[in-house]
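Beneath this line is the structure, given in structure tokens, with notes to follow.
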4 protein chains.
Amino acid sequence: MTRRPQVLVIGDSADYPDRNDTARTLGRFIAEQGWVLISGGRGGVMAAASRGAQEGCGISVAILPSDRMEEANPWADIVIPTGIGFARNYTNTLAADAVVSIGGGTGTLCEIAYAWQANKPIIACSFTGGWSAELAGRTLDYRRTDAIMDAHSSEEAMQYLRTLLQPRQPQ
Amino acid sequence: MTRRPQVLVIGDSADYPDRNDTARTLGRFIAEQGWVLISGGRGGVMAAASRGAQEGCGISVAILPSDRMEEANPWADIVIPTGIGFARNYTNTLAADAVVSIGGGTGTLCEIAYAWQANKPIIACSFTGGWSAELAGRTLDYRRTDAIMDAHSSEEAMQYLRTLLQPRQPQ
Amino acid sequence: MTRRPQVLVIGDSADYPDRNDTARTLGRFIAEQGWVLISGGRGGVMAAASRGAQEGCGISVAILPSDRMEEANPWADIVIPTGIGFARNYTNTLAADAVVSIGGGTGTLCEIAYAWQANKPIIACSFTGGWSAELAGRTLDYRRTDAIMDAHSSEEAMQYLRTLLQPRQPQ
Amino acid sequence: MTRRPQVLVIGDSADYPDRNDTARTLGRFIAEQGWVLISGGRGGVMAAASRGAQEGCGISVAILPSDRMEEANPWADIVIPTGIGFARNYTNTLAADAVVSIGGGTGTLCEIAYAWQANKPIIACSFTGGWSAELAGRTLDYRRTDAIMDAHSSEEAMQYLRTLLQPRQPQ
């Protein structure tokens with residue numbers, strides 16, 4: 001198999017400077033490990049994570065709700081306009097080997113719920129507020145016995161990712 | 001327009017007797033008002049609500065994740081096997097004029113998040129536990145200024161529905 | 001099981017008077033048998049079939065591409081705004097016990113292809129032109145050994161449906 | 001914008017040696033131009049095209065119907081398990097700047113219909129048989145005035161792609 005680990009970063013589509021900074025830092029880290037960044041492809045956390053991935057010379061994939069490639073932020077390398085509206089939240093989480101959540105409203109809440117059901121490892125950046133803060137450390141229902149990982153800093157989120165996924169050797 | 005109001009009932013697919021009783025009572029009430037019951041078409045709360053709708057001589061619609069009509073519970077009148085997996089949660093909420101939530105795990109949580117984004121009125125039966133209890137009375141994010149309605153009994157849920165929707169005259 | 005047979009009528013969303021007449025006739029017939037009419041819920045053949053179903057005092061279900069109930073034609077009884085764009089063509093065919101095709105462009109072509117893959121019986125009204133005329137009587141690929149049924153008149157389409165499905169006794 | 005052109009290759013999931021050879025040749029060509037190969041991620045033409053892309057040191061994206069990454073063929077670099085069944089045909093075509101069709105049954109027919117509606121350039125390899133041969137050179141409905149491009153050889157398909165898309169300079 002040639003596939004690299006795929007990390008989904010979820011969070012607000014609106015711009016919160018602190019949350020965007022975290023997303024950009026993590027996007028760059030993900031790229032530097034040789035992993036693929038998956039995101040919802042729009043603004044806010046999604047754009048910042050993609051921008052970070054580009055700075056880290058990695059690949060970012062934008063999985064969009066709309067049917068138009070032009071909806072993607074300018075840092076997306078590969079654009080998948082699903083055309084299925086916010087049903088694409090489901091696809092996003094299925095494309096993840098691990099999920100990192102930053103801040104977030106009900107879109108993020110929806111994706112965390114899907115990720116839980118699909119048995120994906122979830123790291124919630126509790127220091128960024130939003131639903132990430134509220135759900136970090138929690139067990140969401142009877143389906144799993146583990147809890148959402150609570151990252152108190154970007155570094156702790158990176159450490160969780162390193163534990164979950166294998167860095168990729170340069171080729 | 002000939003369309004009747006459509007009420008989505010969401011909740012656990014596993015069987016909890018108390019939650020099922022509430023679902024059956026509300027399904028019957030919905031049918032008796034001349035409204036259409038929408039559900040996810042599977043077991044637990046979904047089956048109980050459909051059963052209640054049948055007892056009330058109404059119509060229940062099952063919007064299934066799978067591609068097989070046989071997945072529906074035996075009380076569904078109209079079966080829509082979406083074939084899109086749990087992306088059907090999105091479709092479910094879009095088909096609702098109002099949403100009633102009973103108990104619930106992360107599937108229910110996902111649907112509440114979608115319903116919030118789609119600006120649908122949401123009534124959470126807090127007396128049934130699960131995510132319904134946790135989210136009743138809350139405002140989920142900046143998108144709306146209202147709160148999820150908190151029903152402390154089946155009667156209060158019915159009263160909320162009566163206020164939101166028009167009963168339909170016999171024809 | 002209480003479920004009635006569900007018949008999907010597909011065809012042009014633009015208005016062709018002859019095709020609309022056929023759709024309205026068949027929609028009425030479907031309703032009079034006690035079956036449920038499924039359609040894509042928009043204009044042209046979809047609206048005419050729903051109108052016929054209403055005249056036959058039956059139930060018509062509109063499975064829409066958009067996320068807005070208002071997109072449905074005025075004769076739809078139950079409206080399912082899937083929100084998944086033209087991916088809803090897939091859901092449409094899965095909701096069918098039998099498919100009737102009238103005229104049709106590439107939307108209809110897409111649905112015939114899906115219906116073939118899902119192993120649904122397909123009746124193409126060859127007298128209405130479009131892709132229905134072109135594919136009537138054909139075997140589309142190796143997946144099936146049967147052919148698309150070729151209806152040379154509305155009456156022949158009705159006869160095919162009667163053979164495929166059980167009329168429902170009045171209750 | 002950093003996005004590279006994305007080329008969707010569609011065709012049989014079953015193995016036909018001649019069709020697979022064409023897919024592998026075109027997959028390699030697409031990669032060598034610096035374009036991204038999009039495919040349905042499964043066997044037959046999809047696997048062969050991805051294999052060719054890998055031989056050309058390019059990137060191939062697998063957009064799968066199922067919810068399981070393991071469904072992808074071993075040459076896929078990035079895997080998107082949509083979880084929406086064959087509704088993913090819609091997403092596939094929306095992710096394309098150009099579509100190349102090789103052989104094909106009703107799955108391919110469905111995707112050609114979607115690509116037509118989405119106004120994507122379509123190149124059908126008529127020398128490979130299947131629905132590609134049948135639809136090459138045709139105008140499918142009133143929505144467009146152009147025709148599906150008829151490629152009589154792999155070289156002609158490449159020439160069409162060169163005309164449609166910009167080769168990408170090495171960075």
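Take residues that are away from chain D (no Cβ under 14 Å) and over 15 Å from the mean Cα position of the chain (by Cα) and tell me which of the strands (runs of 3 or more DSSP E) falling wholly in the stretch C:1-111 contain 2 or more.
C:78-81
Regarding the stretch C:148-163, can at least one residue be identified that is free of Cβ contacts under 8 Å to residues at least 12 places away in the same chain, farther than 25 Å from residue C:34 by Cα and surrounded by fewer than 17 Cβ atoms within 10 Å (Cβ to Cβ)?
There is no residue in the stretch C:148-163 that is free of Cβ contacts under 8 Å to residues at least 12 places away in the same chain, farther than 25 Å from residue C:34 by Cα and surrounded by fewer than 17 Cβ atoms within 10 Å (Cβ to Cβ).
Which of the residues spanning the stretch C:112-129 are more than 20 Å from residue C:85 (Cβ to Cβ) and at the interface with another protein chain (Cβ under 8 Å from one of its Cβ atoms)?
Within the stretch C:112-129, C:116 is the sole residue that qualifies.
Just to verify a result, which residue in the stretch A:92-111, among those that are in contact with a strand residue (DSSP E or B) (Cβ under 6 Å, 6 or more places away or on another chain) and not small (Gly, Ala, Ser), is surrounded by the fewest Cβ atoms within 10 Å (Cβ to Cβ)?
A:97
Pick out the one residue from B:66, B:50 that is in contact with a helix residue (DSSP H, G or I) (Cβ under 9 Å, 6 or more places away or on another chain) and under 18 Å from residue B:108 (Cβ atoms).
B:50
Filter the stretch D:127-141 for residues that are surrounded by fewer than 22 Cβ atoms within 10 Å (Cβ to Cβ) and closer than 15 Å to residue D:12 by Cβ and give the result.
Scanning the stretch D:127-141 gives D:127, D:129, D:133, D:134.
If you go through the stretch D:1-38, how many residues are charged (D, E, K, R) and in contact with a Phe, Trp or Tyr (Cβ under 6 Å, 6 or more places away or on another chain)?
So the answer is 1.
A quick yes/no check of all residues on (1) among the acidic types (Asp, Glu); (2) at pLDDT 95 or above; (3) surrounded by fewer than 24 Cβ atoms within 10 Å (Cβ to Cβ):
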position	(1), (2), (3)
B:12	yes, yes, no
B:16	no, yes, yes
B:26	no, yes, no
B:47	no, yes, no
B:56	no, yes, yes
B:67	yes, yes, yes
B:74	no, yes, yes
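Can you tell me which residues in the stretch B:129-171 are closer than 30 Å to residue C:54 by Cβ, modelled with pLDDT of 95 or more and either among the polar types (S, T, N, Q) or part of a loop (DSSP other than H, G, I, E, B) (or both)?
Within the stretch B:129-171, B:163, B:165 qualify.
Right, residue C:55: within 17 Å of residue C:3 (Cα to Cα) and among the charged types (D, E, K, R) or not?
Against the criterion (within 17 Å of residue C:3 (Cα to Cα) and among the charged types (D, E, K, R)), residue C:55 does not qualify.
Can you tell me how many residues within the stretch A:62-116 are farther than 21 Å from residue D:69 by Cβ and of a type in the set (D, E, K, R)?
4
Which one of the conditions (1) in contact (Cβ under 8 Å) with a residue 60 or more places away in the chain; (2) surrounded by fewer than 19 Cβ atoms within 10 Å (Cβ to Cβ); (3) at the interface with another protein chain (Cβ under 8 Å from one of its Cβ atoms) does residue A:166 fail to meet, given that it meets all the rest?
(3)
State which residue pairs qualify: first residue within 22 Å of residue C:82 (Cβ to Cβ) and of a type in the set (Ser, Thr, Tyr) and inside the stretch B:31-56, second residue modelled with pLDDT under 95 and assigned to a strand (DSSP E or B) in any location, beta carbons under 6 Å apart, and separation of 6 or more residues or different chains.
none
The values are calculated or read from the model by the stated rules, or taken from the named source; none is laboratory data. Just so you know, these numbers come straight off a predicted model, no measurement behind them. No Cβ is skipped: glycine too gets one built from the backbone with ideal geometry, and neighbour counts run over all protein chains shown.
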